[in-house]
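To start, the structure itself, in structure tokens.
The values are calculated or read from the model by the stated rules, or taken from the named source; none is laboratory data. From a predicted model like this one, the values you see are computed outputs, not experimental measurements. Here the Cβ is made from the backbone with ideal geometry for all residues, glycine too, and neighbour counts use every protein chain on show. In case anyone asks, the SASA skips ligands and DNA or RNA and just uses the protein heavy atoms, side chains included. Shrake-Rupley method; radii C 1.70, N 1.55, O 1.52, S 1.80 Å.
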Amino acid sequence: MHGGDEVVTAPAGPPQPLDWKFSQVFGERTAGEEVQEVDIISAIEFDKTGDHLATGDRGGRVVLFERTDTKDHGVSRRDLERMDYLISRHPEFRYKTEFQSHEPEFDYLKSLEIEEKINKIRWCQTANSALFLLSTNDKTIKFWKVQEKKVKKISDMNLDPSKAVGNGSIASSSNSSSPKPCLANGSSLGGSYNYLSHDFSFPPGGLPSLHLPVVVTSQETNLVARCRRVYGHAHDYHINSISNNSDGETFISADDLRINLWNLEISNQSFNIVDVKPANMEDLTEVITSAEFHPTHCNMLAYSSSKGSIRLIDLRQSALCDSHAKLFEEPEAPGSRSFFTEIIASISDIKFAKDGRYILSRDYMTLKLWDINMDSGPVATFQVHEYLRPKLCDLYENDSIFDKFECCLSGDGLRVATGSYSNLFRVFGCAPGSTEATTLEASKNPMRRQVQTPSRPSRPLSSITRVVRRGTETPGVDANGNSFDFTTKLLHLAWHPTENSIACAAANSLYMYYA
């Protein structure tokens, strides 16, 4: 207050931590039930509207779910708008359809088995009430169209075995007393006649008319998935990412050493836009781990590397984008280097925020949020696995240190989420001043392992000083004193594009939560 009637309003505080509730589970296991390898979910993706959800599994299948609670059940939109109270809907999805996307193959030239596991799924623009999506395994990308088609049926024919035909007699089997018909040369039909007599005995003059069956279209509909295009033979190494362009016409696919640009309409040709393969493979120091197009700028994309760096490239600069427009990496703290430094620095997943201003990255220990206008370091760091630092040697021995956890952002950009061990996942608030750090379990009681996290001061994203936030951490044990289970890991999760709803995969089960 500086005299007069001027009132200085206090800035709005950070949003309150969300109260997460269980919504649904698909494919829930009973106690002691053994999980089949082919049923383990390996990819999850919401479409842009959030009304459809796709999952892929290690058996090469894609399963589609559709949202049901947004349908108005006969209430017009105008009537809903007239209502002066907020309708809080419980998010509900139902099984829609599934199809076999990929089959196991064998590359005879390289003596290499190509497994059918779905690595990534990406939704494309819908058209004429049909759904379109891309799915990929290690080598081959496929473009699918899923559409409701009316069922075609065959109308009744004029021959009906239950009714008399021609002279009214229905032939019995071989014990019939009627004489065997003879051909012109006097020979008998023999066995042929016996075969016919099981069905009908034709009148001597034949049938007066034969009604051919007619195919008629019924009002019943069936969901049909058709593979429209196959994009193959373009990657020597395993595909780790596919990403749609905002132009609706092109997409990228990335493997360890190359990124290719495709047109959706052309399956026999792609353009190599990034190639990090050295002339001598012994000089190889890093590989590509993830790649994604900018959500609104069709000329920009980002890719991450096994060294913990993110490169932003501009397709307008040159045809082969080996030189990046911007490089995002965190300087290594002096004296902190160890045998595991490079392994845990490797980025397993990157995601752009909806507005394209921020990039979220996940390495083994942390989530990092980067501002694309500030390449000096991340604006926020969220500790996910700090309690595992003393166990890195054991995790290296059992290969857990190479697990690739995914990450996601909320549609409003205020929160981020990623998976962990013991089927846990973590939600962090990244709004200015937020101290939200929630640990949830993929079960019907997500808050079972919840522990209150002490509040920790946070800085706005615009601040040059970086934020470091820790999740609920205890050295190797959860809130109930149980030791963490490194065999159960929550690698795949997705945030609904417009609501606070998360879908996550625990082995073969798909769990959904809302707040």
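Ligands, DNA and RNA left out, the 1.4 Å accessible surface of region 344-418 is 48% carbon and sulfur atoms. The residues of region 246-386 present an accessible area of 42 Å² per residue when probed at 1.4 Å with all protein chains retained. A protection proxy built from the mean count of other Cβ atoms within 10 Å ranks the segments 493-499, 335-341, most packed first, as 493-499, 335-341. Extension gain, residue 376 to residue 404: 0.36 nm times the residue separation minus the Cα-Cα distance gives 7.5 nm. Applying 1/(1 + (r/R0)^6) with R0 = 25 Å to the Cβ-Cβ distance of residue 97 and residue 37 gives a FRET efficiency near 0.60. Model label sites at residue 214 and residue 108, defined 7 Å from Cα along the beta-carbon direction, differ in position by 5.0 nm. Remark: spin-label model distance residue 154-residue 223 equals 2.9 nm, labels positioned 7 Å along the Cα→Cβ axis. Quick one: which of 117/404; 444/489; 117/368; 21/145; 391/489 span more than 23 angstrom between C-alpha atoms? With Cα atoms farther than 23 Å apart: 117/368; 21/145. Near residue 272, the amide H atoms lying under 5 Å from its own belong to 261; only residues 5 or more places off or on other chains count, and H is placed 1.01 Å from N.
Protein heavy-atom accessible surface, 1.4 Å probe, per residue over region 106-157: 58 Å².
Run the accessible area of region 97-149 with a 1.4 Å probe and give the carbon-and-sulfur part as a rounded percent. That fraction is 45 percent.
Ordering of 232-238, 286-292 by packing is 286-292, 232-238, highest average first (other Cβ atoms within 10 Å, averaged per residue). Region 390-412 and region 221-267 have Cα centres spaced 27 Å apart. Between the C-alpha center of region 89-117 and that of region 294-311 there is a gap of 26 Å.
Taking 0.36 nm per residue of separation and subtracting the current Cα-Cα distance, fully stretching the chain between residue 128 and residue 445 would add 110.1 nm. Please work out the C-alpha center-to-center distance from region 334-361 to region 19-44 and express it in whole Å. Centre-to-centre distance over Cα atoms comes out at 28 Å.
Stretching residue 68 away from residue 296 to a fully extended chain increases their span by 79.2 nm, per 0.36 nm per residue minus the current alpha-carbon distance.
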